[in-house]
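The structure under discussion appears below in the form of structure tokens.
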Amino acid sequence: MSIAYREALESSVPYVPARTVRSLKEELHVDKIIKLAGNENNLGSSPSIIDALLNYRDEYSRYPDFANTELLIRLTKALNVKDDQLIFGNGSFELITIIANTYLNAGDESIYAEPSFGWYKNVTLQAGAIPVAVPVNNDHAVDLDKILQAITGRTKIIWICNPNNPTGTALNQKELTSFLSKVPDHILVVLDEAYIDFYAGSDRPDTTALIQKYDNLISLRTFSKLYGLASLRLGYGISNPTIIRDLHRVKTPGNVNAAAQVAGAAALDDHEFTAKVLENNRSGLALYYDTLEDLGLEYIPSNGNFIMINTGLDSDQVVSEYLKHGILLRGGNEFGMPGWLRITIGTEEENKLVLEILKEIIKTGPK
């Protein structure tokens, strides 16, 4: 006899992450795998993080600082916000879950773009609420007009990934301001800005300014991408004090471990490393754009550390072909985009290798 789980979980399926490097090495019997499927930072993380963690090693027997004091001090100054406007989490996954657990009741609706980050749907279903998917427009961008049209009396949360994963499209300050002015103030707008550091335009949204104007807005940020701390799971949210106080009703005490706090503070100080990451991403995208133009392949200009390209071939077969070369990519079938690939921007050598193999696949087809 098994113990029945909550009925609200009936439609919820476990999140499927990218395959791990270790599992692929064992399966394929190879020594090296180039992973370009998880939008991680293939330049690694700041060298200063190692020194910071070594200097802290004698303190691991203690509970972490539940108030995240060092990060709080640094981010309030950097963002020009007050300490009661920040909440820290075990990555964006946890923050998204906390938001859903705080605000969604059974029967409520939450709206999100499709394709976008799949966890928005998961947490909605877990709460017994109703997920409402709004397709992206013909330019693969989040369709704000259609989202506004999807609002009903049951709508409680609107999730917006900006820049959007997996498409890489982004909304600018003017678009977001116009949108927020039309959203009823009893609906929470969650702006998931995991990739905002890679925003390519000059009109990058000033989210903290928007938060000062709109009381129903929260921004989520992460240390996983630009700072290369994905394994340590560190993220934070910015909003008004009332929303942050509400979220603390649900947040687990001590949810951010000491190593993540120490590493996060060190990462914030290394501007040379982050500049290197941004330049690598810029040059990597430029290489993809030039090569894909030469090949005549469709692609979506990206504001993230990844790019979506349309091979015109079966995505699963192309992914399998790359695995033969020890390269892990993400196929578009799982995003409802057959024929497309999502490729993380890697090192210069990795990017060149991916494109050389792509040229051969386009020429001969998957074998």
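Of all DSSP beta bridges located in the chain, what percent are antiparallel, nearest 5? Spell out each step's value before the answer.
On the way: 18 of 39 bridges.
Roughly 45 percent of the DSSP beta bridges within the chain come out antiparallel.
Helix screen, the chain: DSSP H segments with Cα axial length of 20 Å or more and mean Kyte-Doolittle hydropathy at least -1.0 are 271-295, 348-364. When you count the other C-beta atoms within 10 angstrom of each residue and take the mean per peptide, 326-337, 161-172 line up highest first as 161-172, 326-337.
Please give the contour-minus-distance gain from ASN172 to GLN149: 0.36 nm per residue of separation, less the Cα-Cα distance, rounded to one decimal in nm.
Numbers: separation 23, 0.36 × 23 = 8.28 nm, distance 2.01 nm.
Full extension from ASN172 to GLN149 adds 6.3 nm.
Of all the Cα-Cα pairs you can form in region 243-332, what percent are over 16 Å apart? It works out to 73 percent of all Cα pairs. Using only the C-alpha atoms, the convex hull of region 279-367 corresponds to 83 Å³ per residue. Normalised by the number of residues in region 69-161, the average gap of Cα pairs under 8 Å and 6 or more apart makes the relative contact order 28 percent.
Entry note, the chain: the mean residue ellipticity at 222 nm calculated from DSSP H runs of n ≥ 4, each adding -39500 (n - 2.57), is -11500 deg cm²/dmol after division by the residues and rounding to the nearest 500. Over the chain, what relative contact order in percent results from Cα pairs under 8 Å that are six or more residues apart? Taking the mean separation of contacting Cα pairs over the length of the chain, I get 23 percent.
Using just the alpha carbons, could you tell me how many Å³ per residue the convex hull of the chain encloses? Please list the in-between numbers first.
Working: hull volume 60.4 nm³, N = 367.
Residue-normalised Cα hull volume stands at 165 Å³.
The order of the peptides 189-199, 84-94 by mean Cβ neighbours within 10 Å, most packed first, is 189-199, 84-94. Each residue, ASP215 and LEU287, gets one label point 7 Å from its Cα in the Cβ direction; the gap between the two is 5.0 nm.
Give, as a single signed number, the net charge of other residues whose beta carbon lies under 11 Å from the beta carbon of SER219, with Lys and Arg counted +1 and Asp and Glu -1. Can you show the working numbers first?
Details: positive: ARG221; negative: ASP192, GLU193, ASP206.
Summing Lys/Arg as +1 and Asp/Glu as -1 gives -2.
For the listed peptides 358-365, 218-225, 153-160, a ranking on the average number of other beta carbons within 10 Å per residue, highest first, reads 218-225, 153-160, 358-365.
Readers should treat all values here as calculations from the given coordinates under stated rules, not as data from a laboratory. Quick caveat, the model's predicted, so the values are computed rather than measured. No Cβ is skipped: glycine too gets one built from the backbone with ideal geometry, and neighbour counts run over all protein chains shown.
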